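Note sheet for the following structure.
The values are calculated or read from the model by the stated rules, or taken from the named source; none is laboratory data. Because the structure is a prediction, the values reported are computed rather than measured. Every residue, glycine as well, gets a Cβ built from its backbone with ideal geometry; the counts of neighbours run over all protein chains shown.
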Amino acid sequence: MRPRSWITLAAITLAAIAPITQAATFIINVGGANNAFAPQTLTIDVNDTVTFVNKGGFHNVVADDGSFRCARGCDGDGRGGSGNASSANWAATVPFNTAGTVGYFCEIHGMPGEGMFGTIIVNGAIPPPPPPAAIAVPGGNAFFYVLLACALALATALRLKRKRRNG
């Protein structure tokens with residue numbers, strides 16, 4: 001196998017065994033037939049996003065800690081939206097990049113922990129696996145290793161010479 005083939009094989013193997021982590025997007029329905037969020041409690045992972053979708057009624061969604069206020073956009077997102085309550089069809093997406101518990105509510109129909117409110121539990125990042133244990137290399141006789149390297153070099157040279165003769 002050529003050196004490039006080994007590199008390609010190693011890269012493919014690493015890609016296949018590397019953990020695949022992708023952020024997910026979750027939906028929370030706002031309003032509709034009831035003045036409620038559905039689901040009222042949601043558990044996600046760090047870096048996931050939540051999209052709040054107004055299903056009918058005059059609503060918005062506001063974080064208990066003030067980190068977001070959304071309806072037809074979110075206050076301060078730089079896209080000209082507003083977190084003022086609205087009866088229009090709206091959807092607002094909020095990223096969650098820090099582990100913890102985030103309470104939220106509708107300013108019109110609730111307050112923190114009362115009325116129309118909900119909770120998002122953000123699980124921390126999964127820690128990477130521990131590094132593999134170091135492989136002990138025997139101290140051995142240096143002469144043996146030099147002899148082994150020479151034998152490998154000689155075998156490679158003979159193989160190349162034979163390949164040129166036959167090819």
Original post:
Tell me, which residue of the stretch 31-63 that is more than 22 Å from the chain's Cα centre (by Cα) and at positive phi is modelled with the lowest pLDDT?
Top reply: G32
Original post:
Within the stretch 100-113, can you find the residues that are surrounded by 13 or more Cβ atoms within 10 Å (Cβ to Cβ) and outside any strand (DSSP E or B)?
Top reply: P112
Subject >> Test: residue in the stretch 129-139 that is at pLDDT 70 or above and not in a loop (DSSP other than H, G, I, E, B) >> reply: no
Subject >> Considering residues of the stretch 65-88 that are of a type in the set (D, E, K, R) and surrounded by 15 or more Cβ atoms within 10 Å (Cβ to Cβ) only, the residue nearest to G32 (Cα to Cα) >> reply: R72
Original post:
When residues of the stretch 66-80 are filtered for being within 17 Å of V50 (Cα to Cα) and part of a loop (DSSP other than H, G, I, E, B), how many remain?
Top reply: 5
